[in-house]
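S.K.: Encoded as structure tokens, here's the structure I'll be asking about.
The values are calculated or read from the model by the stated rules, or taken from the named source; none is laboratory data. No experiment lies behind these values; they were computed from the predicted model shown. Note that each Cβ is placed from the backbone with ideal geometry, even for glycine, and that neighbours are counted across all protein chains shown.
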Amino acid sequence: MAKMRQPGSHAVAGVFVFLLLGIFAVMATVMVLMGVKAYRAAVERGSEHNERRIASSYLRSMLRAEDKQDGVYLETIDGVECISLRDVYDGEEFVTRIYVYDGMLREWFTSAEEPFIPADGEDVCPADAMTAELSGDGVLTVRLRKDDTWNEVICSLRAAVQSGVD
């Protein structure tokens with residue numbers, strides 16, 4: 001004898017399948033959103049780390065390139081604290097100034113005779129503030145602040161250096 005199905009059993013099975021499909025869709029969407037959030041956080045952390053690394057590497061390479069007698073000195077011009085790197089090309093003295101201005105770590109390369117114009121510097125990376133201290137034994141400590149986080153770069157200069165304030 002053939003078994004008879006009860007009325008509505010197909011409807012219950014259909015609702016059950018539809019319910020499972022809906023739960024799967026909701027869970028898949030939640031997983032995608034969680035993945036996007038985790039990816040954004042990782043990218044932001046990586047970006048912050050890269051900015052700190054760029055500033056640190058930039059400062060170290062510039063200081064090592066100009067590490068010679070009287071090549072590195074500190075000065076404050078119109079309230080802007082600068083790390084100044086002196087060099088002579090074809091008998092003319094040039095200065096590279098590294099400073100923070102308008103939310104950016106900047107570099108400005110010019111003849112030593114030219115007046116300092118902070119807005120004319122080339123952007124290196126974002127920074128809110130910079131302090132620099134040169135000890136008598138040639139250790140330069142530079143602290144850069146970005147978003148309430150200080151990053152410290154310590155560089156030991158091999159050549160004799162001097163520190164001046166204008």
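S.K.: Considering (1) out of contact with any helix residue (DSSP H, G or I) (no Cβ under 8 Å at 6 or more places or on another chain); (2) not in a loop (DSSP other than H, G, I, E, B), say which one Gly136 fails and leave the rest.
M.R.: (2)
S.K.: Right, next: Given Arg52, Arg86, which one is among the basic types (Lys, Arg) and within 20 Å of the chain's Cα centre (by Cα)?
M.R.: Working: Arg86 fails: within 20 Å of the chain's Cα centre (by Cα).
One residue alone meets the criteria, Arg52.
S.K.: Contact list please: Cβ distance under 9 Å, first residue in the range 56-74 and at positive phi, second residue part of a loop (DSSP other than H, G, I, E, B), pairs at least six apart or on different chains.
M.R.: Going by the 9 Å Cβ cut-off, the qualifying pairs are Asp70/Ala159; Asp70/Ala160; Asp70/Val161; Asp70/Gln162.
S.K.: Also, quick follow-up: Is it true that Ser156 is modelled with pLDDT under 95, closer than 25 Å to Arg53 by Cβ and hydroxyl-bearing (Ser, Thr, Tyr)? Show your work before the answer.
M.R.: Values: modelled with pLDDT under 95: yes; closer than 25 Å to Arg53 by Cβ: yes; hydroxyl-bearing (Ser, Thr, Tyr): yes.
Yes.
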